[in-house]
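Inspection log for the structure reproduced underneath, given as structure tokens.
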């Protein structure tokens with residue numbers, strides 16, 4: 001019975017995605033295009049060649065980080081809406097270290113920059129954490145506000161102090177701080193900025209899994225998530241757990257900068273993330289707040305994001321956004337109906353089976 | 001109901017399949033295959049990007065080219081979009097906007113057999129522009145200077161406004177030209193300045209544009225100049241509401257709020273796109289920096305039957321004098 005439940009857990013999102021594509025097909029028909037042709041382009045362009053696959057993985061990388069950040073906080077009962085701001089601060093710090101500490105060797109500078117990204121994100125998320133723990137300020141509101149501050153602050157720093165003439169980005173980080181692209185070992189990926197950060201993202205998933213389900217700290221955090229009052233009664237320090245949760249969540253979001261600053265552009269560019277912090281919320285929800293689910297959901301959104309670019313020559317960009325939104329809505333709204341429907345089918349066959357045996 | 005829905009879906013998709021099989025993928029005969037990647041504002045901003053689009057359309061009609069375009073979303077889409085076009089059989093690829101400068105330089109080096117062009121390209125010291133890349137640069141400050149002078153001569157309250165999109169050096173150039181023009185024409189005038197934001201979103205936020213413009217009009221401003229993509233549509237909305245004037249940017253924006261648009265500072269991105277295509281077809285594509293200022297008729301202001309009544313002849317004459325002086329190099333318009 002438990003197994004069947006697990007199976008449902010996997011199959012409902014899958015069915016929802018298929019249903020979303022069908023409904024998306026209707027929209028494609030409405031604008032006078034052929035859904036099969038468009039979907040064919042979408043899938044052949046993304047999964048039909050090594051470059052497309054690499055691009056999907058590249059697009060998925062930041063989404064894994066932010067999805068994981070949201071999922072982690074959610075497990076501990078907190079809504080981190082502030083990933084966008086946290087990743088900007090983290091990325092800026094990573095870039096800053098990368099272009100100021102130019103004398104350092106790579107084996108020191110790379111970990112330092114990664115750490116800088118994590119610290120930046122952790123600090124930015126830690127402030128709402130402290131406000132929540134000490135003052136009871138709701139983290140949804142404070143993290144949203146911190147987003148605005150982060151965007152304005154980084155823009156101010158860039159435009160007034162750190163920008164290269166006539167651009168909105170900083171100077172480049174040291175050569176040794178650059179994270180190699182995967183195309184250096186797999187030449188077929190050439191052209192795609194997919195880099196080792198992808199493995200860092202997978203590693204982060206594993207670490208989050210380990211912390212949450214294999215350590216006593218994770219047990220505490222999850223207990224707080226399930227029932228704060230009960231866990232407080234059980235002797236858990238709630239304020240400490242709230243601050244810690246937010247800091248870890250922010251650190252995960254801060255890692256987005258590793259992919260973009262250290263693995264792709266080699267500088268911090270204002271507005272580079274384009275909302276991946278917010279997409280992280282959808283990724284976490286779609287992935288049922290589990291590390292594996294986050295990876296799968298991030299891959300799906302990576303596919304839609306890059307696929308959207310491919311079919312953009314035939315359909316307006318808005319259509320891809322509609323498709324993404326439909327997927328999210330379907331997955332979130334359909335989990336219950338689908339489950340009920342399958343359960344009903346099961347009951348029916350079970351009943352038929354019983355009826356059949358009784359006749360014999 | 002529950003049953004008819006899935007059946008209807010399947011039917012629809014079957015029809016689509018049949019239609020799809022019936023239609024062959026058309027092979028397009030074209031003089032040139034052109035690809036274009038838009039800026040953040042995207043198509044339909046009635047301003048910068050649409051101006052580029054008009055250039056494409058005109059080239060299709062007059063010169064018989066085939067084109068495809070891409071509207072990128074987040075940061076990395078710009079490079080992916082350029083690269084996708086470069087992989088396919090396009091001859092000439094445009095990047096619309098200064099944000100493309102780095103990516104298009106790299107990709108032009110990677111695909112030396114293809115031709116590239118970038119509007120508002122950022123020239124950086126120490127970076128050589130590949131010979132297959134045309135950097136199309138405009139002197140926005142010169143056009144802004146003229147509309148600034150015009151506004152300075154026509155204001156009744158001696159208060160003028162400026163609404164910028166993203167708070168970045170490129171837009172500061174519009175602002176500084178405008179301010180210099182106002183000061184030259186009317187030293188008593190004060191100028192209120194507002195920016196819509198600090199990310200690319202600031203170029204497509206009409207609600208914010210309206211809010212800033214309303215606050216400026218509320219403080220006694222009677223003419224607002226915007227350089228903010230589709231955010232400016234909100235500025236026009238505010239002008240219409242308050243029954244005052246606004247100045248458009250990039251394209252002639254008269255038709256966005258007829259009667260309330262004093263003039264528009266036109267940046268002829270369409271001409272630059274069109275001419276680059278034309279040169280390429282004629283085999284005369286030239287890499288390197290191309291500057292479009294008042295002298296080259298790359299920027300200017302609108303004066304036609306729509307707004308003639310708003311601009312008295314003596315005012316027009318003064319502005320034209322300034323224009324001649326800029327072209328002759330007698331006036332140096334500040335860029336920052």
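The values are calculated or read from the model by the stated rules, or taken from the named source; none is laboratory data. All values derive from a computational prediction rather than experimental measurement. Here the Cβ is made from the backbone with ideal geometry for all residues, glycine too, and neighbour counts use every protein chain on show.
For this structure, a couple of remarks:
- Options B:182, B:193: the member that is touching a helix residue (DSSP H, G or I) at 6+ places or on another chain (Cβ under 7 Å), buried (at least 21 other Cβ atoms within 10 Å of the Cβ) and either in the same structural domain as residue B:307 (by TED's automatic domain parsing) or in a helix (DSSP H, G or I) (or both): B:182
- Scanning the stretch A:34-50 for residues that are farther than 23 Å from residue A:275 by Cβ, within 9 Å of chain B (Cβ to nearest Cβ) and either buried (at least 21 other Cβ atoms within 10 Å of the Cβ) or touching a helix residue (DSSP H, G or I) at 6+ places or on another chain (Cβ under 7 Å) (or both) gives A:34, A:35, A:36, A:37.
- Hits in the stretch B:136-154 (condition: surrounded by fewer than 22 Cβ atoms within 10 Å (Cβ to Cβ) and not in a helix (DSSP H, G or I)): B:137
- Some residue of the stretch A:289-309 being within 14 Å of another protein chain (Cβ to nearest Cβ) and outside any helix (DSSP H, G or I): no
- Residues (within 14 Å of chain B (Cβ to nearest Cβ) and surrounded by 18 or more Cβ atoms within 10 Å (Cβ to Cβ)) located in the stretch A:174-217: A:181, A:183, A:189, A:191, A:192, A:193, A:194, A:195, A:197, A:198
- When we screen B:223, B:212 for residues that are out of contact with any helix residue (DSSP H, G or I) (no Cβ under 6 Å at 6 or more places or on another chain) and buried (at least 21 other Cβ atoms within 10 Å of the Cβ), the only hit is B:212.
- Set side by side, the residues A:283, A:320 differ, and just one is assigned to a helix (DSSP H, G or I), crowded, with 22+ Cβ neighbours inside 10 Å and away from chain B (no Cβ under 14 Å), which is A:283.
- Qualifying positions in the stretch B:155-168 - part of a loop (DSSP other than H, G, I, E, B) and in contact (Cβ under 8 Å) with a residue 24 or more places away in the chain: B:155, B:156, B:157, B:158, B:167
- Pairs linking a residue in the stretch A:258-276 that is more than 7 Å from chain B (Cβ to nearest Cβ) to a residue that is surrounded by 24 or more Cβ atoms within 10 Å (Cβ to Cβ) and in a loop (DSSP other than H, G, I, E, B), with Cβ atoms under 6 Å and 6 or more positions apart or on different chains, are A:260/A:272; A:261/A:268; A:266/A:173; A:267/A:170; A:268/A:170.
- Checking residue A:150 against (1) under 28 Å from the mean Cα position of the chain (by Cα); (2) within 11 Å of chain B (Cβ to nearest Cβ); (3) modelled with pLDDT under 95, the condition it does not meet: (3)
- Any hit, the stretch A:138-147, residues being surrounded by 15 or more Cβ atoms within 10 Å (Cβ to Cβ), within 10 Å of another protein chain (Cβ to nearest Cβ) and assigned to a helix (DSSP H, G or I): no
- Looking only at the stretch A:227-251, residues that are within 28 Å of residue A:85 (Cβ to Cβ) and assigned to a helix (DSSP H, G or I) come to 15 in all.
- Verdict on residue A:61 being surrounded by 24 or more Cβ atoms within 10 Å (Cβ to Cβ) and either more than 9 Å from chain B (Cβ to nearest Cβ) or closer than 25 Å to residue A:271 by Cβ (or both): yes
- The lone exception for residue B:72 - which of (1) surrounded by 24 or more Cβ atoms within 10 Å (Cβ to Cβ); (2) modelled with pLDDT of 95 or more; (3) touching a strand residue (DSSP E or B) at 6+ places or on another chain (Cβ under 8 Å) it fails: (2)
- When restricted to residues that are under 29 Å from residue B:140 (Cα atoms), facing chain A (nearest Cβ under 10 Å) and outside any loop (DSSP other than H, G, I, E, B), the stretch B:86-128 contains 6.
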